[in-house]
Amino acid sequence: MHMILVTGGAGFIGANFVLDWLTESQESVINLDKLTYAGNLNNLVSLKNDPRHLFIHADINDSETLKKLLSEYQPRAVLHFAAESHVDRSIHGPAAFIQTNVNGTFALLETVRAYWQNLDSDKKSMFRFLHVSTDEVYGTLEADDPPFTETTAYAPNSPYSASKAASDHLVRAYHHTYGLPTLTTNCSNNYGPLHFPEKLIPLVITNARAGKELPIYGDGSQVRDWLYVSDHCAAIRRVLESGIPGETYNIGGWNEKTNLNVVHAICDLLDELQPKENGSYRDQIRHVKDRPGHDKRYAIDARKIERELHWKPAESFETGLRKTVGWYLSNDVWTEQVLSGDYKNWVNLQYQT
Ligand code: NAD
Ligand code: DAU
């Protein structure tokens, strides 16, 4: 029986991926996650009695545990989602980003390489290591620059994006030097269910509903290219199935929006779906101090994956955002659990100083 191993499958994209995978396929998943502040077993509660899902609480730096898992379960692929993922946290404390994104990816690659090299030739050629990365490795764009392609030079600007760039380079080197069959995906901003409310969209939805301020860094003119998370999951499945080892694929939603546009759209949806007694949610918007080194614009040219692997996003920003706001309106228990933990310390550090 084939199976796959996923790292970081209790986080936002990883959990969406595991849930989608087990809906689309019968193939089992080993889900290895350290359960940092961003990892949440409530994301996986619907899999509690599903024998196809095996959760392992471990760090990707723990090579001994990983080695045992690979040897026992012989996965046909490793999909690497685990990372420290929040730019603002990387500005306050970059060390964890180096430890997980750089050292952790290196430890994972080393253990996977040793496993892969000992597979028989059929399994060896079938095996894939899929590395999930970000468009932030390409740096920032001016308003009239063309979007990032797979050949855009790396120019990471934050400790987060620099650590992801380092991990991408390691993955590339393991293919080039050892022949490990790697696939790298560089994706734009995801949004959707299970998104931790430190990131813009879920933060604005939860703050708006709690009557709190909606903090916009600087003038809110920065642009991001939004991708609904289940579209991202479908793209990853497609790359795993048909991607060419050693290649990278950019994944984006063709949805460039300024931060101000995004926040207005959320307020307008909430005004429609859960109107306030007086006024609009837009009244809660506040401009706050800007993020240091704030990248102006990200935009993905996703034509390679469309041309070569026949993937394109199913959701527009309007349909995806409506689903997302609807999900948060229907999942108060999930949100309350997330907000009650260490999250409060983060909010004090980032927004009260
Ligand atoms: P997330 O922060 O929501 O989740 C990360 C998960 O990794 C958590 O479950 C956490 O517990 C786990 N983890 C962290 N350190 C670990 C370690 N040392 N060992 C094992 N597990 C560990 O992140 P996300 O938003 O789901 O992002 C997933 C991946 O996608 C990341 O690699 C990120 O760089 C990339 N990415 C994210 C976005 C986005 O918009 N969220 C866009 C492009 C790429
Ligand atoms: O582009 C892909 C990247 O998208 C991923 O690699 C990262 O893991 C993911 O966190 C995301 O990074 P961003 O920095 O773009 O996402 P964030 O949600 O933190 O911010 C989106 C934009 O909104 C950014 O321009 C900063 C702004 N912002 C964010 C927050 C949290 C605000 O204006 N106010 C806020 O309170």
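The values are calculated or read from the model by the stated rules, or taken from the named source; none is laboratory data. None of these values were measured; they are calculated from a predicted model. So basically every Cβ, Gly included, is an ideal-geometry build from the backbone, and we count neighbours across all protein chains shown. With ligands, DNA and RNA removed, areas are computed over all heavy atoms of the protein, side chains included. Shrake-Rupley method; radii C 1.70, N 1.55, O 1.52, S 1.80 Å.
If you take the residues in segment 294-307 that are part of a loop (DSSP other than H, G, I, E, B) and more than 17 Å from Ser90 (Cα to Cα), which one is farthest from the chain's Cα centre (by Cα)? Applying the filter and picking the extreme gives Lys296.
So which strands (runs of 3 or more DSSP E) stay within segment 248-293 end to end and still have 2 or more residues that are surrounded by 15 or more Cβ atoms within 10 Å (Cβ to Cβ) and at pLDDT 95 or above? Walk me through how you get there before you give the answer.
Working: elements: 248-251, 256-258, 285-288.
Strands (runs of 3 or more DSSP E) meeting the threshold: 248-251, 256-258.
Let's see how each residue does on (1) crowded, with 16+ Cβ neighbours inside 10 Å; (2) more than 7 Å from ligand 1 (Cβ to nearest atom):
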residue: His2; (1), (2): no, yes
residue: Gly11; (1), (2): yes, no
residue: Glu27; (1), (2): no, yes
residue: Asn31; (1), (2): yes, yes
residue: Leu47; (1), (2): yes, yes
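Go through Asp144, Asp168, Asp231 for me and flag whichever is within 16 Å of Glu256 (Cβ to Cβ) and outside any loop (DSSP other than H, G, I, E, B).
Asp231
Scanning segment 331-353 for residues that are farther than 16 Å from Tyr37 by Cβ and open to solvent by less than 90 Å² (accessible area, probe 1.4 Å) returns Asn331, Asp332, Tyr351. Scanning segment 171-193 for residues that are assigned to a loop (DSSP other than H, G, I, E, B) and surrounded by 24 or more Cβ atoms within 10 Å (Cβ to Cβ), we see that the one that is farthest from ligand 1 (Cβ to nearest atom) is Gly192. Just one of the listed residues (Leu54, Leu19) is surrounded by fewer than 18 Cβ atoms within 10 Å (Cβ to Cβ) and either in contact with an Asp or Glu (Cβ under 7 Å, 6 or more places away or on another chain) or free of Cβ contacts under 8 Å to residues at least 40 places away in the same chain (or both), namely Leu54. Regarding segment 136-147, can at least one residue be identified that is within 16 Å of ligand 1 (Cβ to nearest atom), open to solvent by 60 Å² or more (accessible area, probe 1.4 Å) and more than 19 Å from the chain's Cα centre (by Cα)? No; the residues of segment 136-147 include none that is within 16 Å of ligand 1 (Cβ to nearest atom), open to solvent by 60 Å² or more (accessible area, probe 1.4 Å) and more than 19 Å from the chain's Cα centre (by Cα).
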